[in-house]
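*Asks:* Below is a structure I'd like to ask you about.
What follows is calculated from the coordinates using simple rules that are stated; it is not laboratory data. This structure is a prediction, so every number in the text was calculated from the model and none was measured. Cβ placement follows ideal geometry from the backbone for every residue including glycine, while neighbour counts extend to all protein chains displayed.
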Amino acid sequence: MGYGHISPTGFLASALSAAEALMGLLSFAIATGLFFGRFSKPTAFLKFSHNALIAPYGEGTALMIRLSPFKNTNFTDAEAQMTLGMSIMENGVLANKFYQLELELSQISALTLSWTLVHPITEESPLYQLTENDFKAIHGEILVFIKTFDDMFSATVATRSSYTFDEVVYGAKFTPMYARSIDNSKTVLYLDKLNKFNAVTLP
């Protein structure tokens, strides 16, 4: 035997049934929105070199950091910012100081190959006259922030990285990581060379 037709009877039962139906629909909608927002969020597929380098630059030296896209090369209007945080002694007291590092080129229209961020170490630079021993003795960190437009997702994406002074290689130069193909029809980017560098003598 069946139980017959089941339906809420009375005001309270009808109100409870309506509330249950509403909460069920809302829970499903919220869960769907959260999952969609989590997995559809655009990601900046950019890799940074493992080390920052103090390399020859013109007649002096420069701080250099290299980055490259992977999985996606549809990045345009890329912008870079570099900040230095360093602990220095002021009147016998250790203080944390932050400096904005000027870049040779802070904006590019298209980021399809590697991009080497270059901070010329001039007399105005907080890194001026720092020796290899200074980088080993001073507590400091270099913060890198990249913002670019992803054509694939039609959205602006951002990523960041940082390098402590222990990760700065003094007297080195990045090796090229792209070359022409064998048939000379396109440019090949070798991601495995992102962290490759050679030791050099600084001026």
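*Asks:* Which residue fluctuates the most in the chain, going by a Gaussian network model with Cα springs under 10 Å, if the choices are F28, F165, F48?
*Replies:* With Cα springs under 10 Å in the chain, the top fluctuation among F28, F165, F48 is at F28.
*Asks:* Expressed as an acute angle from 0 to 90° and rounded to the nearest 10, what is the orientation of the C-alpha long axis of helix 11-39 relative to the principal long axis of the chain?
*Replies:* The angle comes out near 20 degrees.
*Asks:* Charges on Cβ only, +1 for Lys and Arg, -1 for Asp and Glu, centred on the Cα centroid of the chain; of F45, L63, L12, which one is farthest towards the dipole's positive end?
*Replies:* L12
*Asks:* Another question, then. Calculate, in nm to one decimal, what D183 and E79 gain on full extension: separation in residues at 0.36 nm each, minus their alpha carbon distance.
*Replies:* Going from the current span to full extension adds 34.1 nm.
*Asks:* Now a separate question. As an exercise, use a Förster radius of 41 Å and the Cβ-Cβ distance of Q129 and A158 to find the FRET efficiency, rounded to the nearest 0.05.
*Replies:* Once rounded, the FRET efficiency stands at 0.80.
*Asks:* How about K136: which aspartates and glutamates have a C-alpha closer than 17 Å to its C-alpha, ignoring those fewer than 8 places off in the same chain?
*Replies:* Qualifying aspartates and glutamates at Cα under 17 Å: D166, E167.
*Asks:* For the range 20-120, what is the convex hull (Cα atoms) projected area averaged across all directions, in square nanometres?
*Replies:* Over every viewing direction, the Cα hull of the range 20-120 projects on average to 12.3 nm².
*Asks:* Assuming 0.36 nm per residue, please report the length gained on full extension of the stretch T122 to A199 beyond their Cα-Cα distance.
*Replies:* Result: 25.6 nm gained on full extension.
*Asks:* Give the residue from Q107, G33, T201 lying farthest towards the positive end of the charge dipole for the chain; charges sit on Cβ (+1 for Lys and Arg, -1 for Asp and Glu) and the dipole is referred to the Cα centre.
*Replies:* Positive-most Cα among the choices belongs to G33.
*Asks:* Obtain the radius of gyration and the Kirkwood radius of the chain from its C-alpha atoms and give Rg over Rh.
*Replies:* 1.29
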